[in-house]
Amino acid sequence: MTIRTVATTPFDGQKPGTSGLRKKVKVFEQPNYSENFVQSVFDVVEGMDGATLVIGGDGRYHNRAVIQQAIRMAAANGFARVLVGQGGILSTPAASNVIRQYGAIGGLVLSASHNPGGPDEDFGIKYNVANGGPAPEKITDAIYARTTEIDRWLTVDAPDIDLDTIGTTNVGGMVVEVIDSVADYAALMETLFDFDAIRAMAKGGAAGGFTLAFDAMSAVTGPYAHEIFEKRLGFAPGTVRNGTPLEDFGHHHPDPNLVHAKDLYDLMMSDAAPDFGAASDGDGDRNLIIGRGRFITPSDSLAMLAANAHMAKGYAGGLKGIARSMPTSAAADRVADALGITCYETPTGWKFFGNLLDAGMATICGEESAGTGSDHVREKDGVWAVLLWLNILAVRRISVDALARDHWARFGRNYYARHDYEAIETDKANTLMAALQASFADLPHQAIGGLVIAEADSFSYTDPVDGSVSSNQGLRILFEGGSRIVFRLSGTGTQGATLRVYLERYEDRNGKLDAETPNMLADLVAAADVIAGIQRHTGRTAPDVIT
Ligand code: VG1
Ligand code: CO
């Protein structure tokens, strides 16, 4: 088939964000826009000739259109084979697994994650490399550079393929295989976890079985959760809520936090609560964990999973190391100390874990933004996190609340919250950050309320594997006694700027372990405004979202 060259002009290909290109659907729908980005990826990737590419997305509006176009472009650019999830569906961790399992050169993961979907909402494209993980910065930098000079994209003229039927088609001489979206992923989970033990727990004895509520938020994990929790593990039908992926996620934000998964939270705090509640996000890489009457912060979840992971067969040999993003609480560091392993501190974004996982330096990773995962793939993984929790509870036979209390009694407790100020005018947000950084020299020894500032710095990371340096990754204010405030601008938003303020206070094992988080953080919240002038710079008196 002939390759057609379409003339185009350079476009705003977005400086590499935390997670690929994210824009409004209307922006992606402009002529040449998606094509320019996909071609920029292909122009940067080496070794396409004869190689396999994976394509899949979270099922949001515009997913199918971009997939069909990307298939034609892959054929024109010399790929030998494309693997695409049935219906265009692959959760982000499942896509990572397919790339690794089939030896693909990389994959296009189509999602805007936890951002809302629909004609007026968000879309995104991310390129993952052969290890299954998000492209590292040197590749995303090259893709961005290419978008500023691109002048043509390549396609073959072929009709859309049938995305809904498993099987093989030929597009311009390239093989396209529509594969089961769930099967390989579910099989991988069976190798890591003791499904028999979880099944036995779900079945229970005379006292009745362990109960679960999983909210798929009308997003991509629905089919995975139905297959794994209900079919394979025997949890009752109805365990999976909102289990059908919808193009607009039922008009909700598929963000598993206490604001957008409030129904689940309210259920878990009520008398009707099942034993365990969980949710995942648009593309299936995040997780929310709530026990009956007990919310577990993502930072605590990472620490608790790390402390108990050896109880699951996939981690029976112990952990090689732990890695967490800088704004994530230091709870995992204390577990690493106890285990005699290193806890690495990386910038925000999963791409920074890839080298540590590939080098066998870390086994479990996590972020405060509800991301947890391990070396089984190279993305964070929501369903995986739920399964590891279930496996641990099946072994320990205690409640989530009891496990949490036991953990704090041993390691102490890191009270934690994140305050987000969304859609601030970009220049106001930049001014706030610049002014804050400019004040650093004067901050040490200042007393604010009852808090005394010990240090202030801008986080910079040197990758221990390849030596690459990433600077300006967040401004940190450290207080005497171990409390901390971190200020950072989001790299995933599609509207203005989002200021994230991360608040953390540590109480050791003899301290207050049973207090309400807002009470424990009130002085830090007040200090954050004094130090950064949030209200003065932005006019905002309260955050939009607290997680
Ligand atoms: C946010 C989170 C970050 C996460 C990223 C992608 O980034 O803070 O921890 O890795 O989203 O997650 P930012 O730059 O907006 O703070 V997902 O679930 O969107 O792939
Ligand atoms: Co996500």
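Counting only residues that are touching a residue at least 40 places away in the same chain (Cβ under 8 Å) and either more than 13 Å from ligand 2 (Cβ to nearest atom) or not assigned by TED's automatic domain parsing to the domain that holds Val400 (or both), region 250-272 holds 9 of them.
Restricting attention to region 271-299, and to residues there that are more than 16 Å from ligand 1 (Cβ to nearest atom) and under 13 Å from Ala385 (Cα atoms), which single residue is farthest from the chain's Cα centre (by Cα)?
So the first thing to find is which residues in region 271-299 are more than 16 Å from ligand 1 (Cβ to nearest atom), and the list is 271-277, 290-296.
Checking the rest, the ones that are also under 13 Å from Ala385 (Cα atoms) come to 276-277, 290, 296.
On the way: Phe276: 21, Gly277: 19, Ile290: 18, Ile296: 17 Å.
Among them, the one singled out is Phe276.
Is it the case that some residue within region 437-454 is touching a residue at least 40 places away in the same chain (Cβ under 8 Å), outside the structural domain of Met361 (by TED's automatic domain parsing) and under 30 Å from Gly354 (Cβ atoms)? Checked against the condition, which is being touching a residue at least 40 places away in the same chain (Cβ under 8 Å), outside the structural domain of Met361 (by TED's automatic domain parsing) and under 30 Å from Gly354 (Cβ atoms), region 437-454 yields no hits at all. Set side by side, the residues Gly366, Gly360, Gly340, Gly317 differ, and just one is in contact (Cβ under 8 Å) with a residue 60 or more places away in the chain and either within 16 Å of ligand 1 (Cβ to nearest atom) or in the same structural domain as Tyr224 (by TED's automatic domain parsing) (or both), which is Gly366.
Here are some residues: Thr140, Thr168. Which one is surrounded by fewer than 21 Cβ atoms within 10 Å (Cβ to Cβ) and among the hydroxyl-bearing types (Ser, Thr, Tyr)? Give the derivation first.
Working: Thr140 fails: surrounded by fewer than 21 Cβ atoms within 10 Å (Cβ to Cβ).
Within the list Thr140, Thr168, the selection yields Thr168.
For Arg396, the stated conditions do not hold, so it cannot be described as touching a Leu at 6+ places or on another chain (Cβ under 8 Å) and within 27 Å of Val109 (Cβ to Cβ). If you check Thr165, Thr244 for being of a type in the set (S, T, N, Q) and either closer than 30 Å to Tyr416 by Cα or not assigned by TED's automatic domain parsing to the domain that holds Leu387 (or both), only one passes: Thr165. Scanning region 30-59 for residues that are in contact with a Leu (Cβ under 8 Å, 6 or more places away or on another chain) and farther than 20 Å from Asn131 by Cα yields Phe37, Gln39, Asp58, Gly59.
For the structure I just gave you, tell me whether Val54 is in contact (Cβ under 8 Å) with a residue 12 or more places away in the chain and buried (at least 24 other Cβ atoms within 10 Å of the Cβ). Before you say what the answer is, go through the steps one by one.
Numbers: in contact (Cβ under 8 Å) with a residue 12 or more places away in the chain: yes; buried (at least 24 other Cβ atoms within 10 Å of the Cβ): yes.
Judged against the criteria, Val54 is a match.
The strands (runs of 3 or more DSSP E) located wholly in region 137-197 that include 3 or more residues which are touching a Leu at 6+ places or on another chain (Cβ under 9 Å) occupy 174-179. Residue-level analysis places Ala312 outside the set of residues that are surrounded by 24 or more Cβ atoms within 10 Å (Cβ to Cβ), more than 16 Å from ligand 2 (Cβ to nearest atom), at pLDDT 95 or above and not polar (S, T, N, Q).
The listed residues are Ala158, Ala76, and the only one of them that is surrounded by fewer than 24 Cβ atoms within 10 Å (Cβ to Cβ) and either over 21 Å from Pro254 (Cα atoms) or over 18 Å from the mean Cα position of the chain (by Cα) (or both) turns out to be Ala158. Criterion applied to Leu212, Leu188 was being surrounded by fewer than 22 Cβ atoms within 10 Å (Cβ to Cβ) and either out of contact with any helix residue (DSSP H, G or I) (no Cβ under 9 Å at 6 or more places or on another chain) or not acidic (Asp, Glu) (or both), and the one residue passing it is Leu188. Taking the criterion of being within 16 Å of ligand 2 (Cβ to nearest atom) and at positive phi, the only residue of region 10-55 that qualifies is Gly20. Remark: pairs (first residue in region 499-517, among the hydrophobic types (A, V, I, L, M, F, W, C); second residue surrounded by fewer than 14 Cβ atoms within 10 Å (Cβ to Cβ); Cβ separation under 9 Å; 6+ apart in sequence or on different chains) = Leu513/Ala409.
Would you confirm, using the coordinates I've provided, whether Ala142 is within 28 Å of Gly467 (Cα to Cα), away from ligand 2 (no atom under 16 Å from the Cβ) and small (Gly, Ala, Ser)? Yes, satisfied. No other residue among Arg378, Arg484, Arg405 is within 16 Å of ligand 2 (Cβ to nearest atom), of a type outside the set (Asp, Glu) and either surrounded by 14 or more Cβ atoms within 10 Å (Cβ to Cβ) or assigned by TED's automatic domain parsing to the domain that holds Ile198 (or both) apart from Arg378. Of everything in region 446-466, what is crowded, with 17+ Cβ neighbours inside 10 Å and under 17 Å from Met520 (Cα atoms)? Give them in sequence order. Matches in region 446-466: Ile448, Leu451.
Listed by first and then second residue, the pairs with beta-carbon distance under 8 Å, at least 6 apart or on different chains, first residue in region 103-127 and closer than 29 Å to Arg81 by Cα and not assigned by TED's automatic domain parsing to the domain that holds Leu53, second assigned to a strand (DSSP E or B) and more than 12 Å from ligand 2 (Cβ to nearest atom), form an empty list.
One line per residue, one yes/no per condition, for (1) buried (at least 24 other Cβ atoms within 10 Å of the Cβ); (2) of a type in the set (Val, Ile, Thr):
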residue	(1), (2)
Thr328	yes, yes
Thr342	no, yes
Thr346	yes, yes
Ala385	yes, no
Leu388	yes, no
Val395	no, yes
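Given the condition under 30 Å from Met1 (Cα atoms) and surrounded by fewer than 20 Cβ atoms within 10 Å (Cβ to Cβ), answer yes or no: does some residue in region 119-134 qualify? Yes, some residue in region 119-134 is under 30 Å from Met1 (Cα atoms) and surrounded by fewer than 20 Cβ atoms within 10 Å (Cβ to Cβ). Among the residues of region 226-247, those that are farther than 20 Å from Met268 by Cβ, touching a Lys or Arg at 6+ places or on another chain (Cβ under 9 Å) and assigned to a loop (DSSP other than H, G, I, E, B) comprise Gly234, Pro245, Leu246, Glu247.
The values are calculated or read from the model by the stated rules, or taken from the named source; none is laboratory data. Just so it is clear, the structure is predicted and the values come from calculations on it, not from any experiment. Neighbour counts run over all protein chains shown; Cβ positions are idealised from the backbone, glycine included.
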